[in-house]
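What follows is one structure encoded as structure tokens, with my remarks underneath.
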Amino acid sequence: MNALFTKKQFLSALLVISYFTAFSQSGAVVDTTKAQPKTIGILLFNNFETLDVFGPVEVFGRLKDLYKIEFYSLEGGIISSTQNVKIVTKKLPEDEKLDIFLIPGGQGTRKEVEHEALLSKIKALSSTSVYTLTVCTGSALLAKTGQLNGIVATSNKRAYDWATSQGPKVNWVKKARWTVDGKFYTSAGISAGMDMTLGFISDRHGIDLARKIAYEIEYTWQENKEVDEFYLQDLKTK
């Protein structure tokens, strides 16, 4: 039985070699690897804005073969949003390179913008990530690290003055719904994170897929990143 099994294995190996040899000689390229899902590392801190996170999660989460979502915080453990949604997180990785690093905003950014240990981790992870995305005042956290210096970016219109003060060397664009500058994507407030994420999907996988996802979640996608209907409204926080 063992000899027979070994013989079958040998014959199978010969068939595989012959198959690839034939394709190689024909000039065809054979892809023997299956692409692994890209890792999206989402930073959480207490009093993050719920929709800043779960808007993009809803979009990315519909592409499970392409993206894997992980929730992180500085020390790991349970983190609560402003709306008291509690999420179990992992500790921010030390050496792992994230494919996509997403930073949300929310009331918690007012405190975290002075948190040197967190800012140091944000800078390190953003430096090595393939893409860095921010939603709402998440851009203020990233701007405070210097990572957005000279980069086009935007933020929540209600907290625009405060957010932009965290990065005086950033090329802030108030009218934008979201911005793209190299590896950096930044969005305006809250629901704008969904528009940005759909824009990111469109850039990577085509606009038809982005529109399909928007239709599936019954969301009216603002496809023009340069237009934010809220930017002229006087909605500043007290």
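Convert each backbone phi in segment 43-52 into a coupling constant with the Karplus relation 6.51 cos²θ - 1.76 cosθ + 1.60 (shift: θ = phi - 60°), then list the ³J(HN,Hα) values in order as whole Hz, x for Gly and Pro.
7, 10, 8, 4, 6, 6, 7, 4, 5, 4
Once ligands and nucleic acids are excluded and a 1.4 Å probe is used, how much of GLU114 is accessible, expressed in Å² to the nearest 10?
120 Å²
Between ASN171 and PHE230, how many nm apart are label points set 7 Å from Cα along the C-beta direction?
2.5 nm
Determine the relative contact order of segment 81-238: mean sequence separation of Cα pairs under 8 Å and six or more apart, normalised by residue count, in whole percent.
19 percent
What does the C-alpha gyration tensor say about the overall shape of segment 164-238? Classify as rounded when a/c is under 1.5, otherwise prolate if a/b is larger than b/c, or oblate.
Oblate, since a/c reaches 1.5 and b/c is not below a/b.
Determine the gain in length on full extension of the stretch GLU58-ILE217; use 0.36 nm per residue of separation and subtract their C-alpha separation, reporting nm with one decimal.
Once the chain is fully extended between GLU58 and ILE217, it gains 56.4 nm.
How much length is gained on full extension from THR128 to ASN46, taking 0.36 nm per residue of separation minus their Cα-Cα distance?
Full extension of this stretch gives 27.1 nm more.
Based on the alpha-carbon gyration tensor of segment 66-198 and its eigenvalue square roots a ≥ b ≥ c, which shape applies: rounded if a/c is under 1.5, prolate if not and a/b is larger than b/c, or oblate?
It comes out rounded by the Cα gyration axes.
Could you sort out which of LYS144/LYS183; LYS38/LYS183; LYS123/LYS169; LYS144/LYS225; LYS86/LYS111; LYS90/LYS144 sit more than 21 Å apart by Cα distance in this structure? Each step should come with its number before you reach the end.
Numbers: LYS144/LYS183 17 Å; LYS38/LYS183 15 Å; LYS123/LYS169 16 Å; LYS144/LYS225 24 Å; LYS86/LYS111 19 Å; LYS90/LYS144 24 Å.
Table pairs above 21 Å Cα-Cα are LYS144/LYS225; LYS90/LYS144.
Rank by packing, highest mean first: peptides 85-97, 54-66, 38-50, with packing defined as the count of other Cβ atoms within 10 Å averaged across residues.
38-50, 54-66, 85-97
Mind checking which aspartates and glutamates have their C-alpha under 14 Å from LYS91, skipping anything on the same chain fewer than 8 residues away?
GLU70, GLU75
The values are calculated or read from the model by the stated rules, or taken from the named source; none is laboratory data. Being a predicted model, the structure only gives us computed values, none of them experimental. We place every Cβ from the backbone using ideal geometry, glycine too, and count neighbours over all the protein chains shown. All accessible areas refer to the heavy atoms of the entire protein, side chains included, with ligands and DNA or RNA removed. Shrake-Rupley method; radii C 1.70, N 1.55, O 1.52, S 1.80 Å.
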